[in-house]
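All of the numbers you see were taken from the coordinates with simple rules; none came from a lab. Just so we're clear, the structure is a prediction, and the values are computed from it rather than from any experiment. No Cβ is skipped: glycine too gets one built from the backbone with ideal geometry, and neighbour counts run over all protein chains shown.
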Amino acid sequence: MDWLELSTDNCTVQRALALIGEKWTLLVLRDAMNGVRRFDDFRRHVGLSEAVLADRLRKLVAAGIMQTVPYREPGLRTRHEYKLTPKGWDLWPAMIALKQWGDRYTADPDGPPWEVDHRDCGARLQTVVGCAAGHGPLTPFQAEGRVGASARRPE
């Protein structure tokens, strides 16, 4: 069985995109990874409506990608901050890879507006693909796809 003979009903890329593939969701995750926690800050910085933001945050919390944490400022009612869970932080390499691609192909002539560097040495972060045995960086031509355990033919 090869790729074109497989059903995509249980494709993990398709399932991931169903959770995080919408533009506003990725921008909320970008801001959360850069320290934004409060609803009004997300709304103002990302620039989307309250209804859309509430929907995206609700979906991220339901998926276990973000969690709510109560806080209360003196004299005000209790509100919630939104923080990434470990499942959410596992998206960080993908976000860095997307940023790296955007910096290379879509940045202004002066460069990207936000840099992410290694705290210890100051070098720019980059994503590389490697195998579990430690070989890498690898090119697409050094990889080989194969049928996985849950593969099935279309019905």
Review point. Who wins for biggest fluctuation among Gln100, Gln126, Gln142 in a Gaussian network model of the chain, springs between alpha carbons below 10 Å?
Key: Gln142
Review point. How much length is gained on full extension from Val116 to Val69, taking 0.36 nm per residue of separation minus their Cα-Cα distance?
Key: 14.3 nm
Practice item. For the chain, set up a Gaussian network in which alpha carbons nearer than 10 Å are linked by springs, and say which option among Arg38, Arg124, Arg58 fluctuates the most. Key: Arg124
Review point. Net charge near Val69, counting Lys/Arg +1 and Asp/Glu -1 over other residues with Cβ under 12 Å of its Cβ?
Key: +4
Exercise for review: Name the long-range amide H neighbours of Glu81: under 5 Å, sequence gap of 5 or more, or other chain; modelled H, no Pro or chain starts.
Suggested key: Val69, Tyr71
Point to revise | Ordering of 5-16, 144-155, 39-50 by packing [mean C-beta count within 10 Å, highest first] | key: 39-50, 5-16, 144-155
Practice item. May I have the pair-distance distribution P(r) for segment 3-142, computed from all Cα-Cα distances with 5 Å bins from 0 and rounded to whole percent? Key: 2, 8, 14, 17, 18, 16, 12, 7, 4, 1, 1, 0, 0
Review point. GNM, the chain, Cα, under 10 Å: largest mean-square fluctuation among Arg79, Arg119, Arg56?
Key: Arg119
Review point. Which Cα, out of Ser49, Trp3, Thr25, lies furthest along the positive dipole direction of the chain (beta carbon charges, K/R +1, D/E -1)?
Key: Ser49
**Study point:** Net dipole in debye of the chain [+1 Lys, Arg Cβ; -1 Asp, Glu Cβ; about Cα centre; nearest 20]
**Key:** 600
